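Report on the structure given below.
Please treat every number below as a calculation from the coordinates, not as lab data. On a predicted model such as this, the values are computed, not experimentally measured, just so you know. As a convention, Cβ positions derive from the backbone with ideal geometry for all residues, glycine included, and neighbour counts pool all protein chains shown.
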Amino acid sequence: MKIQTLRLKMADLVPAKAFYHDVLKLPVTTETADELVLQAGSTQLIFEREAGWQGKYHFAFEVPENKVQEAAEWLGDKVKFATLHDTTVFTSSERWNANMVYFYDPAGNILEFIGRHRQPNTSSEPFSERDMLYLSEIGLATSDVPATVAWLNDTLGLAAYDGAGSDSFSAVGDEHGLLIVVKAGRNWYPETGIPAGLYPIDITIAGADEGVYRLGAHHIRVIGED
């Protein structure tokens with residue numbers, strides 16, 4: 001599964017551009033008063049302005065499997081890192097065979113750099129914005145994790161990658177793209193204190209039953225359905 005486009009809501013696009021373009025160096029492809037479109041590797045990342053929006057998303061950028069530490073150093077003091085006991089959180093998952101680091105954007109969204117060691121994307125070049133290869137994860141809160149996972153399997157042909165059968169967490173998809181399905185209200189890792197909310201996202205997926213889908217809120221539906 002690959003995330004081709006991801007549309008999220010943002011209260012103010014001015015600090016969004018200052019962060020995603022000026023700090024993360026993602027190219028801006030379209031900009032209006034109500035929409036900011038950036039290119040994150042092979043994924044189009046779209047922020048849609050909604051006044052008063054306070055929701056917080058969690059999503060991950062795929063980076064070369066050997067570059068997570070260097071990617072964090074590249075960010076330096078330009079971002080706020082997620083911490084545990086006042087220490088920047090670098091994590092390692094044996095089950096996923098990956099390393100991760102977490103940080104925030106100015107709106108409080110939880111971002112992640114993840115390097116998966118099974119991916120043949122090792123780089124010998126200094127880390128740069130070109131090493132944000134694509135968006136590989138998006139968090140999806142739901143009131144019923146097993147039912148949502150079943151819907152994703154039956155409708156999109158996506159299988160559980162991790163957490164099958166769990167009532168609170170299941171990653172659905174594959175190493176190229178994952179929907180992180182969690183119970184609404186569950187705090188996003190790593191102990192951010194930010195609960196997962198029932199927020200809508202619009203997403204275009206390739207490698208499943210291809211199409212544009214609206215995920216989140218109180219239901220999941222194909223765009224265009226009644």
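List of remarks:
- Cross-link pairs beyond the 19 Å C-alpha cut-off, checked among LYS25/LYS78; LYS17/LYS80; LYS25/LYS67; LYS2/LYS183: LYS2/LYS183
- Applying both filters, DSSP loop and at most 14 other Cβ atoms within 10 Å, to the trypsin sites (Lys or Arg not before Pro) of the range 29-107 gives ARG95.
- If you take all other residues with their beta carbon under 13 Å from the beta carbon of PRO195, and give Lys and Arg +1 and Asp and Glu -1, the sum is +2.
- Positive minus negative residues near GLU137 (Lys, Arg vs Asp, Glu; Cβ under 13 Å): -3
- Relative contact order, percent, the range 111-181 [alpha-carbon distance under 8 Å, six or more residues apart]: 29 percent
- Cleavage-rule hits (trypsin sites (Lys or Arg not before Pro)) in the range 110-180: DSSP loop, at most 13 neighbouring Cβ within 10 angstrom: ARG118
- Estimated 222 nm signal from helices in the chain, with DSSP H stretches of n ≥ 4 weighted -39500 (n - 2.57), rounded to 500: -3000 deg cm²/dmol
- Using a cutoff of 8 angstrom between alpha carbon atoms and counting only pairs six or more residues apart, the relative contact order for the range 68-201 works out to 19 percent.
- Under 14 Å, Cβ to Cβ, from ALA71 - net charge with Lys/Arg +1 and Asp/Glu -1: -3
- Relative contact order (%) - the chain, alpha-carbon pairs under 8 angstrom, separation at least six: 22 percent
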